[in-house]
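Here's the structure, in structure tokens; my notes come after.
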Amino acid sequence: MSRIEMNQEADRRIGRRRPKESAIYQQSLPSWSPNWSPQAVWPFLIGFGIVFIAIGMSLLHVAHQTPEFTLDYTHCPAVDDRSNRSCAEILNLRPGATCKCAVSFTLDQPMLRDVYFYYALANFYQNHRTFMISRDDGQLRGDVAKNPSPRCHPLTHSVRDNRTLPVAPCGLIANSMFNDSFVLELTAPFHRVPLVGGGSVWTHERQLKFRNPPGEDLRAALQNVSRPPAWSRELWELDPTDPDNNGFQNEDLINWMRSTALPNFRKRHRRVDHSVAPFERGLPSGTYRLIVEYTYPVASFGGGKSIVLSSPSWMGARNPFLGFLFSVMGIIKLLLGCILCVVRFFFSKSTSSREQQ
């Protein structure tokens, strides 16, 4: 092939790769480049500021109207203790002991259905990096045959019956799982408030992130692993009332394994069963008694424990943060808009007059 033919062939190939002669392909569409001058910007800032403040005030109003009751039981008095000590004091003296305490409180206003029961912890840093990474996600997906991840150190193995067994679930997060249990009673007239689980875990979490080992007998599948040192129950008996709520798919375990960003947090624990009288419409006003199996120590690190009863609105549980965020952003936009407005109507005139002189 001659040089001329080679050049012609190259031109044909270049022509096939050349974009079409259209405005879109040649990027020659008309465009608009806004002029972000104070005159053009300040009306938008003031308008958005007013809208954001209105939304923020509305969200704060909804959060304020959401019924919620909080009861701190960190230092609740122990039942049948002759020294009148609190359960926190007893656990400090005897680590690992179990204490029962009772606290009475009054609901001045009824809480309409649906009512949810939360536990809340204070000064507990789940966001500490060493704490957050101390877990084995492969093990939580049901793979208990391999050795635990080194991230779980030092809670990777435990000695049981003269055998060294891998800990499941391993790590600091699982070992520190919240394990207080509660009974709530309406005292006059006496009725035990039915607290049931369910509904606090996403379906995909059980399908993808938390799975039990294969096999119909969960206890047999977990015979070659040991429970975390701080646990009093085996992994297969976390919920004696519901066989499907045991192992790595236990709702309380899944909720606890979701690390929180702030040291003061709450996690949903139970909900009121509104199919039982007299709680069909919610929690009636009156005097209640909370009985706690107090096994989770917090006084040693200056923490606190409380329970929260909440009847969520269309926004969910009470959370004023979103309302505060919208309000603050609206105020900032409004102030910036006012500043630019002053610049536009005062300083721009003086500048133009100086230019004319």
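For Y73, which of the numbered conditions (1) assigned by the TED database to the domain that holds T287; (2) surrounded by fewer than 18 Cβ atoms within 10 Å (Cβ to Cβ) fails to hold?
(2)
Against the condition of a type in the set (S, T, Y) and not assigned by the TED database to the domain that holds K209, how does S300 come out, does it pass? Full working, then the answer.
Working: of a type in the set (S, T, Y): yes; not assigned by the TED database to the domain that holds K209: no.
So S300 fails the test.
Can you tell me which condition A317 does not meet? The list is (1) closer than 20 Å to H75 by Cβ; (2) under 16 Å from the mean Cα position of the chain (by Cα), and all the others hold.
That leaves (1) as the condition not met.
Suppose the filter is surrounded by fewer than 16 Cβ atoms within 10 Å (Cβ to Cβ) and in contact (Cβ under 8 Å) with a residue 60 or more places away in the chain; does A54 pass it?
yes
Please state which of the following conditions M111 fails to meet, knowing it meets all the rest: (1) in contact with a Leu (Cβ under 6 Å, 6 or more places away or on another chain); (2) farther than 18 Å from L283 by Cβ; (3) outside the structural domain of L322 (by the TED database); (4) not basic (K, R).
(2)
Checking the condition loosely packed, with under 13 Cβ neighbours inside 10 Å, over 21 Å from W231 (Cα atoms) and free of Cβ contacts under 8 Å to residues at least 60 places away in the same chain, which residue from N84, N123 passes?
None of the other options fit; the residue is N84.
In the range 265-306, what count of residues is obtained for those that are among the β-branched types (V, I, T) and part of a strand (DSSP E or B)?
Counting residues in the range 265-306 that are among the β-branched types (V, I, T) and part of a strand (DSSP E or B) gives 4.
For (1) in a helix (DSSP H, G or I); (2) in contact with a strand residue (DSSP E or B) (Cβ under 8 Å, 6 or more places away or on another chain); (3) of a type in the set (S, T, Y), each residue gets a yes or a no:
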site	(1), (2), (3)
N127	no, no, no
G138	yes, no, no
G142	no, no, no
K146	no, no, no
L184	no, yes, no
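Which of the residues spanning the range 307-343 are farther than 30 Å from Y294 by Cβ and outside any helix (DSSP H, G or I)? Give the steps one after another, and end with the answer.
Pass one, the range 307-343, residues farther than 30 Å from Y294 by Cβ: 313-315, 320-343.
Correct list: S313, W314, M315, P320.
Exactly one of these conditions fails for M132: (1) surrounded by 15 or more Cβ atoms within 10 Å (Cβ to Cβ); (2) more than 17 Å from the chain's Cα centre (by Cα); (3) touching a residue at least 60 places away in the same chain (Cβ under 8 Å). Give me its number.
(2)
The values are calculated or read from the model by the stated rules, or taken from the named source; none is laboratory data. None of these values were measured; they are calculated from a predicted model. Neighbour counts run over all protein chains shown; Cβ positions are idealised from the backbone, glycine included.
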